[in-house]
Amino acid sequence: KVITPIVSTVKPSGIRKYFDIAATMENVISLGVGEPDFVTPEHIRQAGIDSINAGKTQYTANYGLLDLRKEISQYLEKRFDISYDPATEILTTVGGSEAIDICLRVFLSPGDEILVPEPSFVCYGPLSAITGATPVPIKTVKENSFKLMPEDVKAAITPKTKALILSYPCNPTGAVMTREELQAIANVLEGTNIIVIADEIYAELCYGLKHTSFASLPGMRERTVVVSGFSKAFAMTGWRLGYCCAPKELMMYIGRVHQYALMCAPTAAQYAAIEALKNGIPDIEYMATKYNERRLMLHKGLLDLGFDCFEPQGAFYMFPNVSMYAADGEDFVESLLKAQRVAVVPGNAFGESGKNHVRISYAYSVEQLKAALDRIEKFVSTKK
């Protein structure tokens, strides 16, 4: 009776359920958490340590250290051709997750609708629903390489549509959209007041093509909030540091919510991030090369085992269809965990359109991935 009706109807994250079970078991190979197996590079760790040893342990400005925001601005302009004023248009946050949360709270009201391509990261729908808005799923499919189709966006828009989530490279599918494909979405949005929240946390993890930021398209900067962070590209998950960028007319309100919710992002993490942006690009490129090797190996291994599996072009996830070996993704996950002690994530954790799939992270060592494939081979051999 004391819990609000909206929160009481929010389901627990589908990612955590099976890993809580796996944690009680021995000899489990877990391929579910979206976390790099790399340690944060030493020079970045040392920068954080040095800041603590120098006594830099107080709050920073609400928006974060200006030196960090300047580095973010230069990095985004150099890498992705988008320009933001460090003083008024960049906000550092407690991970990309906070940035997504506060943006949804700033832009959505009860009765609004937000378009959410699916399968997609688990937080978008629940956090939108908590604002009182209605998440409207737009199904993406393997036949279109899990890319968002402009005609589907157009069909989903109603007078209540307030925002669109764009998350490419995509978690969980690994889909990437080209500049031309994103421009087709931009064309649909012209003449509307729809805000775009572009979650570009995996921007540095594209294989064979360069990431295009939605904000770089003509006329889209003024309606777009770019969300990113240091967790994936720099292997800094535990530092909890993200950021968002938006025109100052929007950022003043995003910053206001952040100001009251969290004061500022962790100070030591901000100093570490300055070093990451100044000297960490080779680290990104090294890790991306290793992820690509794992991507190719895991994709081939799954195809050899008979799975219908899209070849991901970004992020570090595989999203095979498992309906040939199980009733649905949940059945596959439960059976595989019980029989061979390999933990993956059911696809319906990312929306009902993923129900016949599972997500497998390849942010793990080649040895772990090969061992997991051996166990999966034993499992599916009993299903033929």
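Yes/no matrix, rows are residues, columns are (1) outside any loop (DSSP other than H, G, I, E, B); (2) at positive phi; (3) open to solvent by 70 Å² or more (accessible area, probe 1.4 Å):
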site	(1), (2), (3)
GLU26	no, no, yes
ALA47	yes, no, no
SER51	yes, no, no
TYR59	no, no, yes
ASN62	no, no, no
SER73	yes, no, no
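Among residues of region 66-89 that are within 20 Å of HIS211 (Cβ to Cβ), those with a beta-carbon under 6 Å from a residue that is in a helix (DSSP H, G or I) and among the acidic types (Asp, Glu) at least six positions away or on a different chain give the pairs SER83/GLU77.
Considering every residue within region 271-292, establish whether at least one is in a helix (DSSP H, G or I), within 30 Å of GLU352 (Cβ to Cβ) and of a type outside the set (Asp, Glu). For region 271-292, residues in a helix (DSSP H, G or I), within 30 Å of GLU352 (Cβ to Cβ) and of a type outside the set (Asp, Glu): present.
Considering only residues in region 131-169 that are open to solvent by 30 Å² or more (accessible area, probe 1.4 Å) and among the polar types (S, T, N, Q), the one that is farthest from the chain's Cα centre (by Cα) turns out to be THR158. The set of residues in region 357-375 that are open to solvent by less than 10 Å² (accessible area, probe 1.4 Å) and within 21 Å of the chain's Cα centre (by Cα) comprises VAL358, ARG359, ILE360, SER361, TYR362, ALA363.
Residues that are under 21 Å from the mean Cα position of the chain (by Cα) and open to solvent by 30 Å² or more (accessible area, probe 1.4 Å) within region 297-320 comprise GLU311, GLN313, listed in sequence order. Among the residues making up region 202-219, those that are among the small types (Gly, Ala, Ser) and either free of Cβ contacts under 8 Å to residues at least 60 places away in the same chain or surrounded by 12 or more Cβ atoms within 10 Å (Cβ to Cβ) (or both) are ALA203, SER213, ALA215, SER216, GLY219.
The selection criterion, being of a type in the set (S, T, N, Q) and open to solvent by less than 10 Å² (accessible area, probe 1.4 Å), holds for THR173. Among the residues of region 321-356, those that are part of a loop (DSSP other than H, G, I, E, B) and either open to solvent by less than 10 Å² (accessible area, probe 1.4 Å) or within 27 Å of MET177 (Cβ to Cβ) (or both) comprise VAL322, SER323, VAL344, GLY351, LYS355, ASN356. Can you confirm whether ALA203 is outside any loop (DSSP other than H, G, I, E, B) and either modelled with pLDDT of 95 or more or within 17 Å of PRO117 (Cβ to Cβ) (or both)? Answer is no for this residue.
Residue-by-condition table, conditions (1) in contact with a Cys (Cβ under 8 Å, 6 or more places away or on another chain); (2) over 19 Å from SER228 (Cβ atoms); (3) modelled with pLDDT of 95 or more:
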residue	(1), (2), (3)
ASP20	no, yes, no
GLU35	no, no, no
PHE38	no, no, yes
LEU66	no, no, yes
ILE90	yes, no, yes
SER97	yes, no, yes
PHE107	no, no, yes
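All conditions but one from (1) assigned to a helix (DSSP H, G or I); (2) of a type in the set (D, E, K, R); (3) at pLDDT 95 or above apply to ARG359; the one that does not is (1). Annotation note: Cβ proximity below 7 Å between a residue of region 39-51 that is more than 9 Å from TYR271 (Cα to Cα) and a residue that is open to solvent by 70 Å² or more (accessible area, probe 1.4 Å) (sequence gap 6+ or interchain) occurs for HIS43/ASN279.
The values are calculated or read from the model by the stated rules, or taken from the named source; none is laboratory data. Here the structure is a predicted model, which means the values were calculated and not measured. Reconstructed Cβ throughout: ideal geometry from the backbone, glycine too, with neighbour counts over all protein chains shown. Please note that ligands, DNA and RNA were not included when accessible areas were found on the heavy atoms of the full protein model with its side chains. Shrake-Rupley method; radii C 1.70, N 1.55, O 1.52, S 1.80 Å.
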